[in-house]
Amino acid sequence: MEVVSTKAELRRRLDEARAAGRRVGLVPTMGALHDGHLSLVRAARAECDVVALTIFVNPLQFAAGEDLDAYPRPLERDLDLAEQAGATIAFTPTVEEMYPRPAATTVHVAGLTASMEGAARPTHFDGVTTVVAKLFTIAGPCRAYFGEKDFQQLAVVRRMAADLDQPVTVVGCPIVREPDGLAMSSRNVYLTAEERSVATVLNRALHAGAALVEAGERDPGTVAERMAAVIGDEPRARLDYAEVVDPDTLERPARLEPGSTVRLLVAAGLGTPRLLDNLAVLVP
């Protein structure tokens with residue numbers, strides 16, 4: 001695996017690969033890799049000849065008071081894991097390399113960013129879409145792999161790529177979970193042992209909502225209230241939201257129509273971190 005730290009070098013390597021007829025896969029990350037990230041690398045490796053994994057803790061997506069300075073940065077460990085998973089290039093730029101001067105241009109996706117994570121963290125998605133747009137421009141035509149764990153982010157990136165006619169196919173990959181059902185996240189390392197023991201409440205809330213749908217409930221508000229109640233019953237969890245949305249528009253449907261697929265999403269604070277989880281449900 002090659003490690004490159006400049007935009008020009010990454011662009012040159014990927015241009016050369018395409019010129020040689022090789023398919024390029026891109027896996028954008030902020031590092032602190034876990035099996036969820038590595039599953040993206042493996043998915044890219046199965047479909048592409050060259051897999052470029054990026055490791056960059058993007059300051060634009062952190063608001064004042066969030067965990068930018070404390071965000072874990074185990075670079076050497078990340079590089080070892082990325083190579084073992086099949087990455088062929090690792091891009092590890094500095095902040096100065098990505099933003100040689102303060103960005104006067106940002107990318108905003110209206111509508112999809114207004115609710116849920118966008119409401120909780122109003123500047124977050126503009127930071128995400130700006131850095132991802134930069135990475136797509138640097139990488140060029142490719143397949144880009146994102147986890148469904150951050151489902152709203154995946155929807156936003158897909159819409160951005162489509163609206164801007166970027167030559168990138170955005171590929172969503174399934175959530176990777178711990179044996180007890182907790183969705184893997186770099187922020188799970190912030191949980192104390194006690195907090196970790198109850199963190200599965202998010203997944204339990206999702207399955208409680210899914211069980212209601214599968215039992216015939218067609219009011220999305222009732223399903224959302226059930227998920228919120230499950231999280232509310234855990235005194236150590238601070239509910240942020242529980243929502244039922246159309247997976248394309250991220251809007252709550254008026255009614256759950258038989259044969260449609262909806263996405264259940266929850267977020268809650270537990271100790272220091274905010275945890276996210278979601279689940280796709282086919283309405284019977």
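Any read-out appearing in this document is the output of simple, stated calculations on the displayed coordinates, not a laboratory observation. Just so it is clear, the model here is predicted, and its values are computed rather than measured. Note: ideal-geometry Cβ built from the backbone for every residue, glycine included; neighbour counts use all protein chains shown.
Mind pulling the per residue volume of the convex hull built on the Cα atoms of the range 186-279? Å³ is fine.
Working: hull volume 8.3 nm³, N = 94.
Dividing the Cα hull volume of the range 186-279 by its residue count gives 88 Å³.
Quick check for me: using +1 on Lys/Arg Cβ and -1 on Asp/Glu Cβ, what's the dipole size of the chain about its Cα centre, in debye to the nearest 20? Don't jump to the answer; show the numbers that get you there.
Numbers: 30 positive and 39 negative charges, 110 e Å.
Roughly 520 debye for the chain.
Going by average Cβ neighbours within 10 Å, how do the peptides 108-116, 23-31, 145-153 rank, with the highest at the top?
The peptides rank, most packed first, as 23-31, 145-153, 108-116.
Which value at 222 nm does the chain reach when only helices count, each DSSP H run of 4 or more adding -39,500 (n - 2.57), with the total divided by all residues and rounded to the nearest 500 deg cm²/dmol?
-11500 deg cm²/dmol
Report the full-extension gain for the segment Ala114 to Ala280: residue separation times 0.36 nm, less the Cα-Cα distance, to one decimal in nm. Could you put the intermediate results ahead of the total?
Values: separation 166, 0.36 × 166 = 59.76 nm, distance 2.08 nm.
Stretched fully, the Ala114-Ala280 segment lengthens by 57.7 nm.
Compute the angle between helix 220-232 and the longest alpha-carbon principal axis of the chain, please, reported from 0 to 90 degrees and rounded to the nearest 10.
90
Residues with amide H under 5 Å of Cys173's amide H, sequence separation 5 or more or different chain, H placed in the peptide plane at 1.01 Å from N; which?
Phe146, Gly147, Glu148
Kirkwood Rh over Cα pairs of the range 45-85 into Stokes-Einstein at 37 °C, 0.692 mPa s: D in µm²/s? Working shown, then result.
On the way: Rh = 12.5 Å.
Diffusion coefficient, whole number: 263 µm²/s.
With each pseudo-label sitting 7 Å past Cα toward Cβ, what's the Asp248-Leu164 distance in nm, one decimal?
2.3
Explain nothing, just compute: Karplus ³J(HN,Hα) = 6.51 cos²θ - 1.76 cosθ + 1.60, θ = phi - 60°, for every residue of the range 34-41 in order, whole Hz, x for Gly and Pro.
9, 4, x, 4, 5, 5, 5, 4
Give me the net charge of Glu194's neighbourhood, meaning all other residues with Cβ under 14 Å from the Cβ of Glu194; Lys, Arg count +1, Asp, Glu -1.
Working: positive: Arg196, Arg236; negative: Glu195, Glu234.
Computed value for this residue: 0.
What is the sum of charges around Val170, taking Lys and Arg as +1, Asp and Glu as -1, for the other residues whose C-beta is under 10 Å from the C-beta of Val170?
Values: positive: Arg143, Arg158, Arg159; negative: none.
That works out to +3.
Considering only DSSP beta bridges with both partners in the chain, what is the antiparallel share in %, to the nearest 5?
Looking only at bridges with both residues in the chain, the antiparallel portion is about 45 percent.
Given 0.36 nm per residue, what is the gain on full extension from Leu75 to Asp15 after removing their alpha carbon distance, in nm? Please list the in-between numbers first.
Details: separation 60, 0.36 × 60 = 21.60 nm, distance 2.57 nm.
Stretched out fully, the Leu75 to Asp15 stretch lengthens by 19.0 nm.
For the chain, what log10 I(q)/I(0) values come out of the Debye formula at q = 0.15 1/Å, with one point per alpha carbon and no solvent?
Rounded to two decimals, the profile gives -1.19.
Taking the Cα atoms only, what angle lies between the long axis of helix 151-163 and the longest principal axis of the chain, rounded to 10 degrees?
In the chain, helix 151-163 runs at an angle near 50 degrees to the longest axis.
Given H placed 1.01 Å from N in the peptide plane, which residues other than close sequence neighbours of Val107 have an amide H under 5 Å from its amide H?
Here the answer is Thr130, since their amide H atoms fall under 5 Å of that of Val107.
Under the rule of at least 5 residues apart or a separate chain, name every residue whose amide H is placed under 5 Å from the amide H of Gly31.
For Gly31, whose amide H was placed from the backbone, the distant partners under 5 Å are Phe56.
Starting from 0.36 nm per residue, how many nanometres of slack lie between Thr6 and Arg218 once their C-alpha separation is accounted for? Mind showing how you got there, number by number?
Values: separation 212, 0.36 × 212 = 76.32 nm, distance 5.16 nm.
Full extension from Thr6 to Arg218 adds 71.2 nm.
Using θ = phi - 60° and the Karplus relation 6.51 cos²θ - 1.76 cosθ + 1.60, list the HN-Hα couplings for the range 117-130 in order, rounded to whole Hz, with x at every Gly or Pro.
4, x, 6, 6, 9, x, 9, 4, 5, 4, x, 5, 5, 5
Exactly which GluC sites (Glu not before Pro) in the range 200-284 are in a DSSP loop and have at most 14 other Cβ atoms within 10 Å? Numbers along the way, then the final one.
On the way: sites: Glu214, Glu217, Glu225, Glu243, Glu251; in loops: Glu217, Glu251.
For GluC sites (Glu not before Pro) across the range 200-284 that sit outside H, G, I, E and B with at most 14 neighbouring Cβ atoms in 10 Å, the list reads Glu251.
Mean 1/r over all different Cα pairs, inverted: what Kirkwood radius does the range 110-189 give, in Å?
Working: mean 1/r = 0.0731 Å⁻¹.
Result for the range 110-189 stands at 13.7 Å.
Work out from phi, with θ = phi - 60° and the Karplus expression 6.51 cos²θ - 1.76 cosθ + 1.60, the ³J(HN,Hα) of each residue of the range 94-104, listed in order in whole Hz, and give x for Gly and Pro.
7, 4, 5, 5, 6, 10, x, 8, x, 5, 8
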